[in-house]
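Chemist: Just passing along the structure, written as structure tokens.
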Amino acid sequence: MLLGVGVIASMALLLLIGVNQGGVYYFTVSEFLDHPSKAEDGFRVNGQVVPGTIERLPSGMDVKFVMTDGARSIPVAYHGIIPDTFVDEAAVVVEGRLTSEGTFTAHTLLAKCPSKYEAAEEAPEALEANLVGGPQT
């Protein structure tokens, strides 16, 4: 009985430590810029890539761009593996810090292209042809 309580208490402690160390809130660009006093801490910022602002540097591992939430924007610099889905207007999440120059230096870049994951509109004939056993006559 005492051993069971000890195991449960240990698991609860590990869970609490993990949540405190790994929990990072996602801010929009506007929310992040509204709290500059906390800007030296690590943050995740969610936004969208402003079209025409992507600048890939010759190293192939560095990119600069501007992200927005529709109301405000912030310049971002990232070094690392650039996701294939990182394109103009992609939804992005960056994790890092704001420099004294006002650029968000990201150590993590996550990107998704919503249109890539949406179901394609198919004609009824195409849907019928994909049925098991072929089209119904």
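Chemist: Please find, within segment 43-97, the residue that is surrounded by the fewest Cβ atoms within 10 Å (Cβ to Cβ) out of those that are of a type in the set (Ser, Thr, Tyr) and more than 23 Å from residue 30 (Cβ to Cβ).
Modeler: This residue is 59.
Chemist: Given the conditions (1) modelled with pLDDT of 95 or more; (2) of a type in the set (A, V, I, L, M, F, W, C); (3) assigned to a strand (DSSP E or B), report the number of the one that residue 71 does not fulfil.
Modeler: Result: residue 71 passes all but (3).
Chemist: If the Cβ limit is 9 Å and pairs must be 6+ apart or interchain, which residue in segment 78-91 that is of a type in the set (A, V, I, L, M) pairs with which residue that is exposed (fewer than 15 other Cβ atoms within 10 Å of the Cβ) and outside any loop (DSSP other than H, G, I, E, B)?
Modeler: From residues that are of a type in the set (A, V, I, L, M), the pairs are 82/56; 82/62; 90/112; 90/114; 91/112; 91/114.
Chemist: Give the residue, chosen from 45, 63, that is within 15 Å of the chain's Cα centre (by Cα) and either at pLDDT below 95 or under 14 Å from residue 103 (Cα atoms) (or both).
Modeler: 45
The values are calculated or read from the model by the stated rules, or taken from the named source; none is laboratory data. In this text the structure is predicted, and so the values were computed from the model without any measurement. Every residue, glycine as well, gets a Cβ built from its backbone with ideal geometry; the counts of neighbours run over all protein chains shown.
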